[in-house]
Amino acid sequence: MNFITMIITTLATTALAKGAMECNLSETTAAQLCLGALGKPLIFYLPTGTNKQSVLTKDTHIILKVTNNTGVINSQYSDRSAFFTNGTFKLETVTKEDSGDYLLETHRLTDGVLLHKINTHLEMQGAMECKLSEATGAQQCLGALGEPLIFYLPTGTNKQSVLTKDTHIILKVTNNTGVINSKYSDRSAFFTNGTFKLETVTKEDSGDYLLETHRLTDGVLLHKNNINLQIQAPVSEPAVSQMCLSLEQMKVSCCSEGDGVEFVLTLDSNLLIQTRAGSTDKQLTANVPKITIILHGQLTGVLTCNVRNNFSREETFVHLTNCKASISHSLVVAVRVGVVTLLLVALCLAVYRVQKKTRPKTVN
């Protein structure tokens, strides 16, 4: 009797730790931009080591001072932050006020020599922005599905700005007074500082926009922008599955909903594979992005699937199990089922023969 055994083990998709935005200040010394999500955690990675003192400041105000891996947090942040001896400084929930310029300097304690210095600008992702007031020419803007989007338009008197999408007028601003197309009026607002806000963007908002600003007195063109707006869905918490193909091979898959999803798979902090947006498989229902790799069947450890795009980041930690136990258990079950089946067949044959021998005959 041939048995074909396939074992599919779905690993728990509940993350052991939710993904937090990160800002690494320990590796590079060049100025960088960090992104934070409103109301979510933010992690700073700082240099570690003895005979060192690191000072993190924001707009000249000291937030954190670390001496020989021991941190002292500013009282303004102490109720919503924590410092760990591995150099991790975590803000539990970030706010708009956390946006701004940060400076980290690390000195040697014995002689005060500067060892490390980095400037960082932190921006919040509460609302995506499209600045039409500064640049001229063509540009691209990104919006998060279901989230706010802000357009910044030129301001000033003796000016009229017209924002159109696919030749349809969305907004007309004359001397800082805006008139919004009725199609958008129930989910948008214009402010006299030149801010035009869409409260919740949809896929239909993707497309080509044109902004033109003319002088009212003579109609001279003062400002012109062509904008391509792309709306993307944030990523969802990834789901991970393991399939044992044999004792020597297992297939591991990770999938997550969202647009422009990038995957990073690690095993015990060792990188297995990293993808770029748009390079993953789309074999699941509704084109959910997915990545699949083949690993040795006896591997065990903590597998991490990290997914991200321009707007969000999520990750799931799971424990891989080797295929030896699963395959052996399945074979034992299969053998037991086979033995039971043979016994039932033998019993049925025996009963049949007994019945055949004792069946009464009709005598004419």
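The values are calculated or read from the model by the stated rules, or taken from the named source; none is laboratory data. Note that the structure is a prediction, hence the values are computed from the model and not measured. Please note: Cβ atoms are built from the backbone with ideal geometry, for glycine as well, and neighbour counts cover all protein chains shown. Side chains are part of the model used for accessible areas, which takes the heavy atoms of the whole protein and leaves out ligands, DNA and RNA. Shrake-Rupley method; radii C 1.70, N 1.55, O 1.52, S 1.80 Å.
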Open item on the list: Leaving out ligands and nucleic acids, and using a 1.4 Å probe, what accessible area per residue does region 171-317 come to in Å²?
Closed with: 49
- [ ] Using a 1.4 angstrom probe on the protein heavy atoms only, line up 116, 214, 61 by accessible area, largest first.
- [x] 61, 214, 116
Open item on the list: Using alpha carbons only, how many angstrom separate the centre of region 186-253 from the centre of region 60-123?
Closed with: 33
Task: residue 140 versus residue 33: modelled label distance in nm, points set 7 Å from Cα along the beta carbon direction - done: 1.4
- [ ] Set the Förster distance to 22 Å, then compute FRET efficiency between residue 228 and residue 97 from the Cβ-Cβ distance, nearest 0.05.
- [x] 0.10
- [ ] Would you please give the FRET efficiency between residue 189 and residue 117, computed as 1/(1 + (r/R0)^6) with r the Cβ-Cβ distance and R0 = 35 Å, to the nearest 0.05?
- [x] 0.25
- [ ] Mind checking region 179-268 for GluC sites (Glu not before Pro) that DSSP puts in a loop (not H, G, I, E or B) and that have at most 14 other Cβ atoms within 10 Å?
- [x] 199, 248
Open item on the list: Leaving out ligands, DNA and RNA, and with a 1.4 Å probe, what % of the accessible surface on region 194-317 is carbon or sulfur?
Closed with: 47
Open item on the list: If I model a spin label at residue 221 and residue 199 as a point 7 Å from the Cα along the Cα→Cβ vector, what separation in nanometres do I get?
Closed with: 3.6
Open item on the list: Suppose the chain between residue 271 and residue 294 were pulled fully straight at 0.36 nm per residue; how much longer would it get relative to their current alpha carbon spacing?
Closed with: 6.9 nm
Open item on the list: Over 10 Å intervals from 0, what percent of Cα-Cα pairs in region 38-100 sits in each interval?
Closed with: 21, 57, 20, 1
Open item on the list: In Å and on Cα atoms, what radius of gyration and Dmax does region 109-240 show?
Closed with: 19.1, 69
Task: Potential extension, residue 70-residue 105 segment - 0.36 nm per residue separation minus Cα distance - done: 11.1 nm
- [ ] Could you order 231, 73 so the one with the most accessible surface comes first? Probe is 1.4 Å.
- [x] 73, 231
